[in-house]
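Each remark here refers to the structure printed beneath this line.
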Amino acid sequence: HIPEDFEQEIIEEIDRRWKINLERAKAREARVPECLEICGYLTPTEIPVDWLANEGLTRSINEMIAYGFCQIHQDRKKLDMHSLVQKLSRRADKDHSGLRNVTQRILKESKNDRTCFENNVLLNHTDCVAKYAIELGLNQVQAIEFLCYTTKLWSRRSMYKRSVYWLEKAIELSIKEESSWAHLPKLANLVDTFSFEVLSFLEQKIPEVI
């Protein structure tokens, strides 16, 4: 935890070093900024290397490690990145392309690997990305799709309270943007696929959905 009095000073110093190292790394590999922007929306620990490698970012990973943007685990399968480096990376993502890329990556991962629903690492990253999808105003359709996916992910782990939390967020976003969510089949279908336990929980929380 960073003391509040020193946080701004630390951020400014990291920002200065971040810009210098970014220019150096970018000179060696042009896609380093893209890689940083994707990592900026994930949890700080256990960022899967294969997600980035599958996007053709292997060289970018090596440069990020070389210039101190992240650390790689001994098994070379996961990265850790300081939360302040992530904050600066998100700030540099002006058009939210990194956020769009990472949501697409996670959705693609879920379609390619059905066992991902049992993956705690994916669960944590998905939760983190869903939060930014709401905070930063990701494209409405894409945001709702991702929130529905997050809802389903938690439901399959029998974490009903968390599942309903994300369903409520999807409904709130839909109502805010379109005044009604009933025409959105993803939300309706999602409720239809819920187990009895989730429906019972939903009935207590938001009975108008049932």
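The values are calculated or read from the model by the stated rules, or taken from the named source; none is laboratory data. Every value quoted in this text rests on a predicted model; they were computed, and no experiment measured them. A quick note on method: Cβ atoms are made from the backbone with ideal geometry, for glycine too, and the neighbour counts reach across all protein chains shown. All accessible areas refer to the heavy atoms of the entire protein, side chains included, with ligands and DNA or RNA removed. Shrake-Rupley method; radii C 1.70, N 1.55, O 1.52, S 1.80 Å.
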The lone exception for GLN8 - which of (1) at pLDDT below 85; (2) open to solvent by less than 50 Å² (accessible area, probe 1.4 Å) it fails
(2)
If the Cβ limit is 9 Å and pairs must be 6+ apart or interchain, which residue in the range 10-26 that is in a helix (DSSP H, G or I) pairs with which residue that is polar (S, T, N, Q)?
TRP18/SER89; ALA25/SER60
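Scan the helices (runs of 4 or more DSSP H) fully inside the range 109-210 and keep the ones with 3 or more residues being within 15 Å of the chain's Cα centre (by Cα) and at pLDDT 55 or above. It would help to see each step written out before you state the result.
Numbers: elements: 120-135, 140-156, 160-178, 185-193, 196-205.
In the range 109-210, the matching helices (runs of 4 or more DSSP H) lie at 120-135, 140-156.
Could you check, for the range 32-39, whether at least one of its residues is acidic (Asp, Glu), under 22 Å from the mean Cα position of the chain (by Cα), assigned to a helix (DSSP H, G or I) and at pLDDT below 95? Even if it seems obvious, please write down each step before you answer.
First pass over the range 32-39, keeping only residues acidic (Asp, Glu): 34, 37.
From the residues that got through so far, the ones that are under 22 Å from the mean Cα position of the chain (by Cα) too are 34, 37.
After this cut, where a residue has to be assigned to a helix (DSSP H, G or I) as well, the list is 34, 37.
After this cut, where a residue has to be at pLDDT below 95 as well, the list is 34, 37.
Looking for residues that are acidic (Asp, Glu), under 22 Å from the mean Cα position of the chain (by Cα), assigned to a helix (DSSP H, G or I) and at pLDDT below 95, one finds at least one in the range 32-39, hence yes.
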Scanning the range 67-110 for residues that are more than 26 Å from ASP15 (Cβ to Cβ) and among the acidic types (Asp, Glu), which turns out most open to solvent (accessible area, probe 1.4 Å)?
ASP75
